[in-house]
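Engineer: Have a look at this one.
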Amino acid sequence: MIRDNVFQVKENIAHAARRAGRNPNDITLVSVTKNAAVDAIKEAIDAGITDIGENRVQDAIIKYNAIRYTQYERRVKWHLIGHLQTNKAKDAVKIFDIIHSIDSVRLAEAVNKAAEKIDKIQDILIEVNVSGEESKFGIAPENISRLIFEAANFKNIKICGLMTMAPFADDAEKSRPYFRELREFRDKVNWRAGAPVLSMGMSQDYEVAIEEGSNMVRIGRAIFGP
Ligand SMILES: *Cc1c(COP(=O)(O)O)cnc(C)c1O
């Protein structure tokens with residue numbers, strides 16, 4: 001089941017990429033395991049999943065430890081996709097390869113400090129609240145440049161790109177304007193190194209997100225079921 005789902009999602013990603021004239025290999029599939037047990041995660045890794053996304057640091061530590069020292073350990077990267085509290089930064093930098101949810105200078109500073117302590121350069125994304133919904137985490141788009149500017153002195157974080165979540169909708173097309181907007185904000189930033197990451201698109205709307213420029217999709221239900 002999981003294997004079939006992974007293949008199906010990858011095929012859909014490839015089709016969406018081709019529709020947009022892009023290379024499917026440029027799109028990272030992050031498999032979101034917040035509702036998946038360790039056995040299911042291993043099954044996904046066996047089916048070719050290379051990137052795992054977790055929402056909560058505490059849950060991720062348990063799963064990380066269950067996979068550590070097994071044949072699966074070296075085959076995956078860990079992504080923190082949920083909100084991070086400053087007091088969890090110390091734990092987060094120990095296990096996550098990339099943190100998608102940096103949305104304030106204060107949090108960037110806490111992650112920088114924690115990363116410095118373990119002598120690591122922590123990859124991060126800036127979470128942007130494109131829709132402006134009050135219930136959502138993320139900075140307002142007009143503050144992206146300021147956050148990047150103020151974080152420039154933090155030597156132990158590397159800002160790799162932007163992340164967003166579209167408002168919940170039953171129709172993927174409704175997400176399109178938000179994804180387009182994030183891509184436009186991405187294009188306005190002068191990224192110093194490498195091609196910037198654009199983390200957007202979930203089970204419900206990843207194909208639309210890819211058409212709009214996403215190069216990192218975060219998918220849970222379409223792989224592990226509802
Ligand atoms: C849960 C979650 C996802 C995956 O959502 P699905 O609908 O299960 O694909 C992606 N991103 C974030 C931030 C999430 O919390």
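Engineer: Given the criterion modelled with pLDDT of 95 or more and farther than 30 Å from Glu43 by Cα, identify the matching residue among Lys136, Lys155.
Structural biologist: After ruling out the rest, the residue left standing is Lys155.
Engineer: Quick check on my filter: what residues within the stretch 70-87 are away from the ligand (no atom under 16 Å from the Cβ) and of a type outside the set (A, V, I, L, M, F, W, C)?
Structural biologist: Residues satisfying the conditions are Thr70, Gln71, Tyr72, Glu73, Arg74, Arg75, Thr86, Asn87.
Engineer: OK, next. List the residue pairs whose Cβ atoms are under 7 Å apart, where the first residue sits in the stretch 104-118 and is more than 9 Å from Ala89 (Cα to Cα), the second is at pLDDT 95 or above and open to solvent by 40 Å² or more (accessible area, probe 1.4 Å), and the two are 6 or more positions apart or on different chains.
Structural biologist: Pairs found: Arg106/Thr86; Ile118/Lys94.
Engineer: While we're on this one: Among the residues in the stretch 174-196, are any out of contact with any Pro (no Cβ under 9 Å at 6 or more places or on another chain), within 12 Å of the ligand (Cβ to nearest atom) and touching a residue at least 12 places away in the same chain (Cβ under 8 Å)?
Structural biologist: no
Engineer: Also: State which residue pairs qualify: first residue modelled with pLDDT under 95 and inside the stretch 199-211, second residue assigned to a helix (DSSP H, G or I) and within 11 Å of the ligand (Cβ to nearest atom) in any location, beta carbons under 8 Å apart, and separation of 6 or more residues or different chains.
Structural biologist: Final answer for the pair search is none.
Engineer: Considering each of Ile67, Ile13 in turn, give the residue that is more than 19 Å from the chain's Cα centre (by Cα) and closer than 26 Å to Pro226 by Cβ.
Structural biologist: Just a single option satisfies the conditions, and that option is Ile67.
Engineer: Give all pairs with beta carbons closer than 8 Å in which a residue from the stretch 131-149 that is in contact (Cβ under 8 Å) with a residue 12 or more places away in the chain meets a residue that is aliphatic (A, V, I, L, M) and assigned to a loop (DSSP other than H, G, I, E, B); count only pairs at least 6 apart in sequence or on separate chains.
Structural biologist: Ser131/Ala166; Lys136/Met165; Gly138/Val130; Gly138/Met165; Pro141/Val130; Ile144/Val189; Ser145/Val189; Ile148/Val189
Engineer: If I filter the stretch 132-155 for residues that are among the β-branched types (Val, Ile, Thr), closer than 30 Å to Gln8 by Cα and within 16 Å of the ligand (Cβ to nearest atom), do I get at least one hit?
Structural biologist: For the stretch 132-155, residues among the β-branched types (Val, Ile, Thr), closer than 30 Å to Gln8 by Cα and within 16 Å of the ligand (Cβ to nearest atom): absent.
Engineer: Now for a separate question. Tell me which helices (runs of 4 or more DSSP H) are completely within the stretch 110-213 and hold 3 or more residues being open to solvent by 20 Å² or more (accessible area, probe 1.4 Å), or say none if there are none.
Structural biologist: In the stretch 110-213, the matching helices (runs of 4 or more DSSP H) lie at 144-150, 176-188.
Engineer: Among the listed residues Ile61, Ile45, identify the single one that is in a helix (DSSP H, G or I) and farther than 25 Å from Met200 by Cβ.
Structural biologist: Ile61
Engineer: Turning to a different aspect of this structure: Just need a number here: residues in the stretch 64-109 that are part of a helix (DSSP H, G or I), of a type in the set (Asp, Glu) and within 23 Å of Asn153 (Cα to Cα).
Structural biologist: Result for the stretch 64-109: 2.
Engineer: A further question follows. Considering only the stretch 19-64, state which residues are more than 17 Å from the chain's Cα centre (by Cα), among the basic types (Lys, Arg) and open to solvent by 30 Å² or more (accessible area, probe 1.4 Å).
Structural biologist: Arg19, Arg22, Lys42
Engineer: Here's another thing I want to ask about it. Among Ile41, Ile67, which is more than 12 Å from the ligand (Cβ to nearest atom), touching a Lys or Arg at 6+ places or on another chain (Cβ under 7 Å) and free of Cβ contacts under 8 Å to residues at least 40 places away in the same chain?
Structural biologist: Ile41
The values are calculated or read from the model by the stated rules, or taken from the named source; none is laboratory data. Since this is a predicted model, take the numbers as computed values, not measurements. As a convention, Cβ positions derive from the backbone with ideal geometry for all residues, glycine included, and neighbour counts pool all protein chains shown. SASA here: full protein model, heavy atoms, side chains in, ligands and nucleic acids out. Shrake-Rupley method; radii C 1.70, N 1.55, O 1.52, S 1.80 Å.
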